[in-house]
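The values are calculated or read from the model by the stated rules, or taken from the named source; none is laboratory data. A quick note: this is a predicted structure, and the numbers were derived from the prediction, not measured. Because the Cβ atoms are built from the backbone with ideal geometry, glycine has one as well, and the counts that use them run over all protein chains shown. Note: areas computed on protein heavy atoms with side chains; ligands, DNA, RNA excluded. Shrake-Rupley method; radii C 1.70, N 1.55, O 1.52, S 1.80 Å.
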Amino acid sequence: MTEPIAVARLQLQRGDPAAAAELLGPVLAAEPEHVTALVLMTHAQLALEKPELAHEVAARAVRHAPGSAEALTALSRALTALGRHDEAIEAARAAVARQADNPYRHNRLAWALLEQGTQLMEAEHAAREAVRLDPGEADFRITYAMVMKQLHLPRRAQEALRDALALAPENAVARHELAAFDVVHRNPFALSRLARGMTGLAAALRADPRQQASRQLLDAALRQFLVYTAIIMVVFAYLGWRVADDSAVWARVLAAVAALAPAAYARYFLARLDRVLRSYLKEALTQRRAASLTAALTLALLLTAMVAPAGWLRVLLGAASLTGFAVRLLTALVPRS
């Protein structure tokens, strides 16, 4: 039975839980009390998003080997997946008590506490202990970063994520979490930061194309950039509309700014993206045809206002304000896949 278990473990490491479960099935049919096979099957079922089945298998492992820290850790993971956080913490603590020198037990306890969300100081202690016991494991640094994030200590979280990337440069989770700090902010002028975050998300996707969270956050970042661009257009078009009756010259100047400022803003941003992301942005604009056409109409109104007779300015700039606002709304919408 050793060979199927070794191959199943390898399949789990390669990210193929279905193949692992298929290999473990005959093992458990022949030896229902095989604790290692039960633990691996628990991890496979969790990866397959079957927490009830995972819990059933893990509970069998603990019944057959109540002193096994590995079985208790697997049970803790299954309980967390089921939202039974207090029980998950209890099982993780029991695993730590049996193997206090094993960093994986402390790491599991940190995650159980983190998911529960009310005992963050103990989670910080558990995560720090895992790092102390094995400072060369990137995953432990990521766990510590997640705890720091929950404790609202972003600098320490970012430092831990950088340490994780120094240990494992292709770690998709670390790349995603570090990039998220640059993307999730509300400063419309921090374009270099936004571009850096998007580049990090693209790197996370290259490292692991299955990272749906990275893909969704990248799309959100693109929408954020497009919304900011539309807002600039609306603000200056509206200011031009307000002054049109008093000064045709200033109205034309503001119309020019409304047309050119978003272009300069976009150019500055695009210059900080790599070629792949620029192509991705073009694709995103193509998917938002209504927003693109409305933006083109807004630009046409603004360019017309720059040379139109004074009597037309108020109408043109008012219409540009409305269409620009429509662009802002349309760019915020998530396109259907």
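Might you report the magnitude of the Cβ-based charge dipole of region 159-314 about its Cα centre, with Lys and Arg at +1 and Asp and Glu at -1, to the nearest 20 debye? Mind dumping the intermediate values first?
Working: 19 positive and 11 negative charges, 66 e Å.
Around 320 debye, computed over region 159-314.
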Most mobile of Ala213, Ala30, Ala319 per a Gaussian network model of the chain (Cα springs, under 10 Å)? Ala30
For region 49-193, evaluate the Debye formula with one uniform point scatterer on each Cα (no solvent term) and list log10 I(q)/I(0) at q = 0.20 Å⁻¹, rounded to two decimals. -1.16
Let's see if you can work this out: charge +1 on each Lys and Arg Cβ, -1 on each Asp and Glu Cβ, no other charges. What is the dipole magnitude of the chain about its Cα centre, in debye to the nearest 20? 1680 debye
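Taking all protein chains as present, what is the carbon and sulfur share of the accessible area of region 1-131, in % to the nearest whole number, probe 1.4 Å? Kindly include the intermediate steps, with their values, before the conclusion.
Details: 3200 of 6260 Å².
So the carbon and sulfur contribution to the accessible surface is 51 percent.
In region 1-84, which GluC sites (Glu not before Pro) are in a loop and have at most 14 other Cβ atoms within 10 Å, using DSSP for the loop call?
Values: sites: Glu22, Glu33, Glu49, Glu52, Glu56, Glu70; in loops: Glu33, Glu49.
Answer in residue order: Glu33, Glu49.
In region 160-202, which trypsin sites (Lys or Arg not before Pro) fall in coil by DSSP and have 15 or fewer other Cβ atoms within 10 Å?
Working: sites: Arg162, Arg175, Arg186, Arg193, Arg196; in loops: Arg186.
In loop regions of region 160-202 (DSSP not H, G, I, E or B), the sparsely surrounded trypsin sites (Lys or Arg not before Pro) are Arg186.
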log₁₀ I(q)/I(0) of the chain at q = 0.11 Å⁻¹, via Debye over equal Cα point scatterers, no solvent, to two decimals? -0.81
Short version: ³J(HN,Hα) in whole Hz for each residue of region 151-166, in order, from phi by Karplus 6.51 cos²θ - 1.76 cosθ + 1.60 (θ = phi - 60°), x for Gly and Pro, what are they? 7, 6, 10, x, 5, 5, 5, 5, 4, 5, 5, 5, 4, 5, 5, 5
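Going by the alpha-carbon gyration tensor, a ≥ b ≥ c the square roots of its eigenvalues, is region 222-281 rounded (a/c under 1.5) or, if a/c is not under 1.5, prolate (a/b greater than b/c) versus oblate? List each step's numbers first, then the result.
Details: a/c = 5.38, a/b = 2.80, b/c = 1.92.
Judged from the Cα gyration tensor, region 222-281 comes out prolate (a/c at least 1.5, a/b above b/c).
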Area accessible to solvent at Thr294, 1.4 Å probe radius, in Å²: 30 Å²
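Can you give me the accessible area per residue for the chain, using a 1.4 Å probe, in Å²? Kindly include the intermediate steps, with their values, before the conclusion.
Details: 17300 Å² over 337 residues.
Accessible surface, normalised per residue, equals 51 Å².
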In whole angstrom, largest first, the equivalent ellipsoid semi-axes that the Cα gyration tensor gives for region 193-337 are 34, 14, 10
Calculate how steeply helix 35-47 sits against the longest principal axis of the alpha-carbon atoms of the chain, using the helix alpha-carbon long axis, and give the answer as 0 to 90 degrees to the nearest 10. 10 degrees
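Explain nothing, just the number: relative contact order of the chain, from Cα pairs under 8 Å at least 6 residues apart, as a whole percent. Each step should come with its number before you reach the end.
Working: 486 pairs, mean separation 30.5, N = 337.
Rounded, it is 9 percent for the chain.
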Surrounding net charge for Pro4, when Lys and Arg each add one and Asp and Glu each subtract one, Cβ distance under 15 Å: -3
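Once you order the gyration tensor axes a ≥ b ≥ c over the Cα atoms, which shape class does region 123-199 get: rounded for a/c under 1.5, otherwise prolate or oblate by comparing a/b with b/c?
Numbers: a/c = 3.38, a/b = 1.71, b/c = 1.98.
Because a/c hits 1.5 or more and a/b fails to exceed b/c, region 123-199 counts as oblate.
Under 8 Å for C-alpha pairs, at least 6 residues apart: give me the relative contact order for region 37-194, rounded to a whole percent. Before the final figure, lay out the partial values.
Numbers: 220 pairs, mean separation 19.4, N = 158.
It rounds to 12 percent for region 37-194.
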Quick shape check on region 95-152: root eigenvalues a ≥ b ≥ c of the Cα gyration tensor, a/c under 1.5 is rounded, otherwise prolate if a/b tops b/c, else oblate, and it reads oblate
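Net charge near Leu153: determine it from the other residues with C-beta under 12 Å of the C-beta of Leu153, scoring Lys and Arg +1 and Asp and Glu -1. Could the numbers behind the result be given before it?
On the way: positive: Lys149, Arg155, Arg156; negative: Glu124, Glu159.
With Lys, Arg at +1 and Asp, Glu at -1, the neighbours total +1.
Could you work out the helix-only [θ] at 222 nm for the chain, with each DSSP H run of four or more residues adding -39,500 (n - 2.57) and the total divided by the number of residues, to the nearest 500 deg cm²/dmol? The partial results should precede the final answer.
On the way: 17 runs with 274 residues, N = 337.
That calculation yields -27000 deg cm²/dmol at 222 nm.
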Tell me the angle of helix 212-243 to the major Cα principal axis of the chain, expressed in degrees between 0 and 90 and rounded to the nearest ten. 20 degrees
Hey, what angle do you get for helix 103-116 against the long axis of the chain, alpha-carbon based, 0 to 90 degrees rounded to 10? 50 degrees
